[in-house]
Every structure is written in C-alpha cells, then in structure tokens.
Ligand code: 6PG
C-alpha cells in the first residue's frame, strides 16, 4: 500500500483531479472500469507525479494506505450506487469513500447513512470549476463526518484554488451538506447566466449592437463590481467568430439551453423548504421554455409584430442602466441562494457557515466573483443577517441601482424583450420591502371559500368570518 488517495472514474473530471493530486505531490492510485483510460492517463501524464495504476477494483483498494480514501468521479444515480456496492466489501472500518460527482444531496444522505452502518465514511463532495478547475484548483465542498475531514482536509485544501492564501475548500457540514451547497451553487450559476443572457439580449435590442461590440461592454464591466468568471467568458464567447460561416458564434448556436438537472433540484428543494428563490426558478424555467420549439414556432406565427422597439437615446446611459440592473438582480439571486443554504442547514442540522461558504466560492468555481468577498464579510459581521440584501454594501448598491432597474424592466416590457429574471428579481425586491402585501386578500379569499381562518393585525388569535351566515367573526 503506497498511495495516499485513489481516484476511480477517469473521465475528464476524474482524470484532471487525479493529475491535480499527483502534481501536488500526492501518490494517487488510479482506476477506471475500462482500463484503457487508466493506461492512457499514465502514458500521457505519468511524468506529472506518482500514479499507481490498477486494473481491478481489488488492486486499486490494495494500493491505498489506511485509512483508505477513495474518490469516485462517476455519473450520478445508478452508476454511483454500483461503484459503492463494488467498493464496500473491499474496504475496512474507518475507510472513506468520497463522491465528487454532482449527486443529489438526498441520495448522499441515504448513502452516508447506509455506509455509516458498515463503519465507513461517505463524503459527498461538491467540486466546481469544470475541467480546468479540476486540474488547476477547483472549489471543493466536502460534506460527511468531521473525522473524515481530518484525513481529507489537508489533501483537498492543497489541491483547491487559493485566494489571498486561503484555500477554496472547507468542511461544509455532515452527510449531504456538501452536495446541498454545490446544488445551490449551481442554481446560482443558472441565475447568474440567465441574467447575463438577458443583459446581452436587451443591449442587443436597445443598442442594435453586434456581438463583438457587446463583448467590449462585458469586458469593460469585468473591471468593476461585476468582475467574475462568467462575465469574463461572456466577453470571450461574444467576441468569438464562427470559422465555418464567418458569423458571430452566438448567432450560429441553436437557442435552446440544456441542463443536467442541478438547477431543477435547487428549485425543487427550495419549494420543499419554502424559500422563494425566484431568480433561480426563472432561470431554470427560461431554459425549459427555450427548449419548447413547437410552442415557440406556433407563438411566433400567432403574434408577429406584438413586440415594440427600444429607442435608446443616450447609449452610455442605457449601458449603465443595464449594468446596474444586472448587479441588483444578481444580488437578489445570491441573497436567495444563501437563504436556501441557511434553510437547508436548519432543516438538516448541518450548521453551515454562510460566510465560510462564500469564502470558498471566491476562486476555482464557476460563480467565482469579486463580490463574494463582500458576501463573506456581510455574513462574518452579522451571521444572523435576515437577508443579504440589507447588509450595508448590498443595500447601498441595490438602492443606487433601483432607478436603473425600474427603467430597464419597464423598457424591456415596452420593447417586448423577455427579461424574466430581471423582472422577477425586481418584483421580489419590491415585495420584500412592501409595507403591506396583498397576501391579506388571499387570506380573506381562503377564509371565504374554505374557512381556512386568518390572523388580525390588531389582536392575537385565529379568526373566521361566517361568510355564508351573518358575517360575524368568530374565534377559531
Ligand atoms: C461547476 C458546474 C458543473 C455543471 C455544469 C453543467 O460548478 O463546475 O456547475 O458542475 O455540471 O455547469 O450544468 P448544466 O448542464 O445543468 O448546465
């Protein structure tokens, strides 16, 4: 037994994680169901560090120092269960299985409980950053037992991205906490991308600008508060020309956004937890809508010319309005995502540190952004912050952006350019700050048709009005 850690599942993410571990001085046992991948990894990258290739699962496990730590990087669902079933009989009490795939946190909770029964640690771990991140330093979100983190922490913190000398990895909390946080990360990723896409669409409609020009605008935004990986690659994608046609790349890509499911899981979980993550939900639904080609074609035929035009007077002012609206909407999306993490943490007793979560998203991951530092600061200063929106910097930024935000949403509606995430983020903001909500009327209706009762503003108790009788009020 010579390897400190093992990786099974050597598709591109697993392969890059294994290389990252080896490059950082760890001896890595590597295994894949079909051994060609193991061989090619060692043949192509064997010089990067110490790999111990194994062709059978038994040899792979035998190559590991104890307590053994096995990273599995396979497809979520059935394939993950199959690999676990194969591993369990080969392992001993105290050994650790790390699932670095995008598993659903409920599956992770189930697996963790089952493996605990065998004396094994099961560590559902979120890994973000795509292929490059896995190789050069991802953001790592491990769940599982504190005991397992004593072995894994030093390894993961070493291979993770580093920001200001701080690793983008920390123990998130027990059982499914790591996968839950990764799921919400992906939900925020959906919202962030939808907002960027709406900003692009609005600017294109309003300014009549070509993608290459718009790339410049995003490049410029990337040097301010919006600085982030996603804004940076937006400039890159918009500036790219399709070699085959000479047209802007974005114009030759079919406009149907796909998804592997983590955004959907985030929304499903938020519904269960009762947390309004409207930005993430709009983003997820916007992707589904884009895929309904038949309905879109039918509606295009039925409503030609239903849109208006957006006449931009001052171009710079319009760009600045969209930038501010984007920033404010983005703050809403993050505020909602962190609300969901807090709610999940309470529901499942995970004790997740919100500031700590923001800290490890500052580098390596897809949503890495300058303003995550501010989120960390906000939660560090006030762990019980009711919503990120009211933390000083965020409140000031949103306040400054409100007139732009309203103009952009109004112009989008007038011009007939769909901006569901911008519009619903603004509506969320207005609902949250409203003195009175029409929820009072909903309570009245519920009481009227179903005797569902209501509370009063002026005294304690639960009441019902005898709507079909003499309309007197009774205490329920
Ligand atoms: C990451 C990403 C990654 C995710 C892709 C694709 O953090 O590195 O979130 O985990 O799988 O972004 O997700 P969709 O196919 O659902 O867009």
Do we find a residue being within 13 Å of the ligand (Cβ to nearest atom) and within 17 Å of the chain's Cα centre (by Cα) anywhere in region 196-218? yes
Exception for residue 162 within (1) closer than 18 Å to residue 14 by Cβ; (2) surrounded by fewer than 24 Cβ atoms within 10 Å (Cβ to Cβ) falls at (1)
Could you list all residues from region 383-396 that are surrounded by 15 or more Cβ atoms within 10 Å (Cβ to Cβ) and under 23 Å from residue 360 (Cβ atoms)? 385, 387, 388, 389, 391, 393, 394
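Condition check ((1) surrounded by 11 or more Cβ atoms within 10 Å (Cβ to Cβ); (2) more than 30 Å from residue 106 (Cα to Cα)) across all residues:
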| site | (1), (2) |
| --- | --- |
| 292 | yes, no |
| 298 | yes, yes |
| 305 | no, yes |
| 316 | no, yes |
| 327 | yes, yes |
| 332 | yes, no |
| 338 | yes, no |
| 342 | yes, no |
| 352 | yes, no |
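Quick grid of which residues meet (1) part of a loop (DSSP other than H, G, I, E, B); (2) within 15 Å of the chain's Cα centre (by Cα); (3) within 13 Å of the ligand (Cβ to nearest atom):
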position	(1), (2), (3)
223	yes, no, no
233	no, no, yes
245	yes, no, no
255	yes, no, no
263	no, yes, yes
268	no, yes, no
271	no, no, no
284	no, yes, yes
300	no, no, no
Scanning region 71-105 for residues that are touching a helix residue (DSSP H, G or I) at 6+ places or on another chain (Cβ under 8 Å), in a helix (DSSP H, G or I), more than 23 Å from residue 190 (Cα to Cα) and within 16 Å of the ligand (Cβ to nearest atom) gives 80
Scanning region 137-178 for residues that are touching a residue at least 60 places away in the same chain (Cβ under 8 Å) and assigned to a strand (DSSP E or B) gives 139, 140, 141, 162, 163, 166, 167, 169
Being in a helix (DSSP H, G or I), within 16 Å of the ligand (Cβ to nearest atom), closer than 25 Å to residue 99 by Cβ and modelled with pLDDT of 95 or more is true for just one of 237, 181. Which residue is that? 181
Looking at region 106-132, which of its residues are within 14 Å of the ligand (Cβ to nearest atom) and part of a helix (DSSP H, G or I)? 130, 131, 132
Pick out the one residue from 286, 306 that is in contact with a helix residue (DSSP H, G or I) (Cβ under 7 Å, 6 or more places away or on another chain) and either in contact (Cβ under 8 Å) with a residue 24 or more places away in the chain or within 30 Å of residue 346 (Cβ to Cβ) (or both). 286
Qualifying position, being within 30 Å of residue 325 (Cβ to Cβ), surrounded by fewer than 20 Cβ atoms within 10 Å (Cβ to Cβ) and in contact with a helix residue (DSSP H, G or I) (Cβ under 8 Å, 6 or more places away or on another chain), among 215, 209: 209
Within the set of pairs 6 or more residues apart or between chains, which connect a residue that is under 13 Å from residue 200 (Cβ atoms) inside region 224-247 to a residue that is outside any helix (DSSP H, G or I) with Cβ atoms less than 6 Å apart? 231/222
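The values are calculated or read from the model by the stated rules, or taken from the named source; none is laboratory data. No experiment lies behind these values; they were computed from the predicted model shown. Here Cβ is always computed from backbone atoms with ideal geometry, including for glycine, and neighbour counts include all displayed protein chains.
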